[in-house]
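Report on the structure given below.
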Amino acid sequence: MKQIADFTIVGREQLGEQYFSLTLRHPDQLPAIEAGQFVEVEVSDCREVLLRRPISIHDVDEEQNTLKLLVQIVGKGTRKLSELKVGESLNLIFPLGHGFSVRGERPLLVGGGAGIAPLFHLAKSYSRKGVEPTILLGGRTKALIPVRDAFEQYGRVFYATEDGSLGEKGLVTQHPAFAGRYDHICTCGPTPMMKAVGRYAMEKGVECEVSLENMMACGIGACLCCVCDTDDGHKCVCKEGPVFDVRKLTKWLAATK
Amino acid sequence: MAKLETKIHNIVLKNPVMTASGTFGYGEEFADFIDLSRLGGIVVKGTTGERRQGNPYPRMAETPAGMLNAVGLQNVGVGTFCKEVYPRIKDIDTNILVNVSGSSIEEYCSVAEQVDALDNVPGIELNISCPNVKKGGMGFGTDPAMAAQVVKEVRKVYRKTLIVKLTPNVTSIVDIAKAVEQAGADSVSLINTLLGMAIDVERQRPCLSTITGGLSGPCVKPIAVRMVWQVAHAVQIPVVGLGGISCAADALEFLMAGAKAVQVGTANFLDPAVTVKIVDGLQDYCQRHQIEDINDIIGII
Ligand SMILES: Cc1cc2nc3c(=O)[nH]c(=O)nc-3n(C[C@H](O)[C@H](O)[C@H](O)COP(=O)(O)OP(=O)(O)OC[C@H]3O[C@@H](n4cnc5c(N)ncnc54)[C@H](O)[C@@H]3O)c2cc1C
Ligand SMILES: Cc1cc2nc3c(=O)[nH]c(=O)nc-3n(C[C@H](O)[C@H](O)[C@H](O)COP(=O)(O)O)c2cc1C
Ligand code: FES
């Protein structure tokens, strides 16, 4: 069941210039949260921002009753959120959307930029099932891969950076680990990256789920603003996604934009 | 407790707060957040003769104190609505109204006729803002004669309460309101979205796939209040007011300007529980001002 709640900020961490994380404590008991689900965050006291902002659930701590968001500062709303301090409160609608299926025995998780956010809770979910995922994280530079070591407790981690400042130089799809044998691929990140990963998976006949980040107004399936042109027609990313099986997205994969 | 009950033609509303079409899905999307039976009414998504996919993504852009949308009437079509959606929502204890849309008079009539058969739908809201495909895409609602014609034809096939939703994208909304009243409308609702446009200067492209789109949210409220006030003074039929309402004070402005009921749209995206907060706020206001019946303040301006 979806809910609206005022969370208390109990932790804040700056992760390089562009990223920060917020740890938020729920007033009561957190419901079960699937990896890949997201929240709609209210940006209050900001003249330029009207709508909530969708942000993935990066991590969940059931014992502490907290969840964590990993946010990249890209505009006015995320900048305002970056100014929040420990002790302040933040209103969220959550948990939203359908998450990853957490299938496969040899999964590969491919993340780029802010897209690595949902992969953390996903890696943890695999690990809890006794499956060790391979995790491949990419970014233009080392500084743009905001979370690194923490992933290592859940799987084998590889990096690709365009300037070679961390791991292999190049794109994630050029990394040797990408060409390994997997039975399931999950990806979240910039659209060109997700399309490249999705096309590769289709070619190789490997199951693949992508998590889309379309612009949203309501986040709960009411406005129909966030649609993706799937093979079954326009589907709301907020409600039927954000995670989709690429086999339903052949039109999207083929489109150049 | 003040009496909040109002009436739109034959429809009794337990309070004046309804939801605006296209912003509240089929109501079900909000069931986790509010008790839907506390609403005066729910106006469901614009419904056409056949299933429609709507416009390509991107079809939303945030603007100062508002948003542009170009959803373009994506909906399941009236057949699926009647067969699959209606049975799921028909027992919600509120007034379920269907927003009827189309691209030709025949399509409007066909949708209205099929909705007429649904026992638990006491009325329709005829969305005449749609472009008329047969007349070169000109909006039905922008010309008094064309607006009157579509209302007259729908009136022949639809027996229950007929609310006509007016577009603000006209020189004189009063002329359109009078024309549809003459043609047999039982009520008018206003305003639909204002035609707008936004450009992403970094990408040097329009923000919407359709270039232009409909503006809604707090930024349109003063225009909407003005139009409701003008129309309420010009017609005898009840007026439903909407455009930018996000709190009880906003709703009260519309009521004082002459609206018998209000609809809440974009504000549902910011707070899915806003509608019931507005209902509570109206009750509080009446108590604070010792008003026994909300109807006593309707049209006082
Ligand atoms: C399901 C989902 C999960 C997401 N998870 C995360 C996350 O975990 N961490 C994170 O940092 N971001 C995430 N995003 C993206 C995030 O929502 C946007 O970056 C944010 O809304 C931008 O708000 P802003 O006010 O800072 O930017 P604005 O000032 O509104 O815009 C600045 C720039 O960002 C672009 N932009 C705006 N919205 C989006 C969007 N939804 N996707 C891509 N670009 C956008 C605009 O086109 C513009 O160029 C997610 C998006 C979705 C839909
Ligand atoms: C995303 C979206 C979809 C809409 N779809 C419809 C629709 O299908 N039919 C209709 O008559 N109005 C539609 N509208 C207009 C609203 O019902 C309302 O008239 C308008 O948004 C102004 O009210 P607001 O400022 O409270 O949102 C839509 C508005 C939005 C924002
Ligand atoms: S954001 Fe409103 S339907 Fe997805």
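The values are calculated or read from the model by the stated rules, or taken from the named source; none is laboratory data. None of these values were measured; they are calculated from a predicted model. Because the Cβ atoms are built from the backbone with ideal geometry, glycine has one as well, and the counts that use them run over all protein chains shown. Heads up: the accessible areas ignore ligands, DNA and RNA and are worked out on the full protein's heavy atoms, side chains in. Shrake-Rupley method; radii C 1.70, N 1.55, O 1.52, S 1.80 Å.
Assorted remarks:
- One residue from B:66, B:72 being within 12 Å of another protein chain (Cβ to nearest Cβ) and either touching a Phe, Trp or Tyr at 6+ places or on another chain (Cβ under 6 Å) or closer than 30 Å to residue B:257 by Cα (or both): B:66
- Residue A:134 vs. criteria open to solvent by 10 Å² or more (accessible area, probe 1.4 Å), touching a strand residue (DSSP E or B) at 6+ places or on another chain (Cβ under 7 Å) and modelled with pLDDT of 95 or more: yes
- Subset of segment A:80-92 [buried (at least 20 other Cβ atoms within 10 Å of the Cβ) and either within 11 Å of ligand 1 (Cβ to nearest atom) or at pLDDT below 95 (or both)]: A:81
- Qualifying residue in segment B:97-113 (condition: in contact with a Leu (Cβ under 7 Å, 6 or more places away or on another chain) and either surrounded by fewer than 21 Cβ atoms within 10 Å (Cβ to Cβ) or in contact (Cβ under 8 Å) with a residue 60 or more places away in the chain (or both)): no
- The residues on offer are B:47, B:19, B:6, and the sole one that is among the β-branched types (Val, Ile, Thr), within 18 Å of residue B:242 (Cα to Cα) and in contact with a Ser or Thr (Cβ under 9 Å, 6 or more places away or on another chain) is B:19.
- For segment A:245-257, a residue qualifies if it is outside any loop (DSSP other than H, G, I, E, B) and in contact (Cβ under 8 Å) with a residue 12 or more places away in the chain, and the qualifying residues are A:245, A:246, A:247, A:248, A:250, A:251, A:252, A:253.
- Strands (runs of 3 or more DSSP E) (entirely within segment A:143-244) containing at least 3 residues that are crowded, with 24+ Cβ neighbours inside 10 Å and away from chain B (no Cβ under 14 Å): A:184-188, A:207-211
- Checked against the criterion of being touching a Lys or Arg at 6+ places or on another chain (Cβ under 9 Å), under 18 Å from residue B:272 (Cβ atoms) and part of a strand (DSSP E or B), the candidates A:7, A:20 yield just one match: A:7.
- Where a residue in segment A:60-84 is more than 16 Å from ligand 2 (Cβ to nearest atom) and its partner, wherever it lies, is open to solvent by 60 Å² or more (accessible area, probe 1.4 Å), with Cβ under 6 Å and at least six apart: A:65/A:25; A:66/A:25; A:72/A:18; A:73/A:18; A:73/A:79; A:76/A:48
- Number of the condition not met by residue A:246 [criteria: (1) under 20 Å from the mean Cα position of the chain (by Cα); (2) over 11 Å from residue B:57 (Cβ atoms); (3) within 16 Å of ligand 3 (Cβ to nearest atom)]: (3)
Every residue, every condition in (1) assigned to a helix (DSSP H, G or I); (2) open to solvent by 10 Å² or more (accessible area, probe 1.4 Å); (3) within 14 Å of chain A (Cβ to nearest Cβ), yes or no:
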residue	(1), (2), (3)
B:224	yes, no, no
B:268	yes, no, yes
B:278	yes, no, no
B:282	yes, no, no
B:300	no, yes, no
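- Sole residue being in contact (Cβ under 8 Å) with a residue 12 or more places away in the chain and either over 13 Å from residue A:108 (Cα atoms) or out of contact with any helix residue (DSSP H, G or I) (no Cβ under 9 Å at 6 or more places or on another chain) (or both), chosen from A:134, A:161, A:187, A:173: A:161
- Residue A:255, sole failed condition from (1) open to solvent by less than 30 Å² (accessible area, probe 1.4 Å); (2) more than 16 Å from ligand 3 (Cβ to nearest atom); (3) under 16 Å from residue B:58 (Cα atoms): (1)
- Tally, over segment B:7-55, of residues that are away from every other protein chain (no Cβ under 11 Å) and over 12 Å from the mean Cα position of the chain (by Cα): 20
- Of the listed requirements (1) of a type in the set (Gly, Ala, Ser); (2) buried (at least 22 other Cβ atoms within 10 Å of the Cβ); (3) in a loop (DSSP other than H, G, I, E, B), residue A:77 misses just one: (3).
- All strands (runs of 3 or more DSSP E) inside segment B:21-99 with 3 or more residues being more than 30 Å from residue B:201 (Cα to Cα): B:41-47
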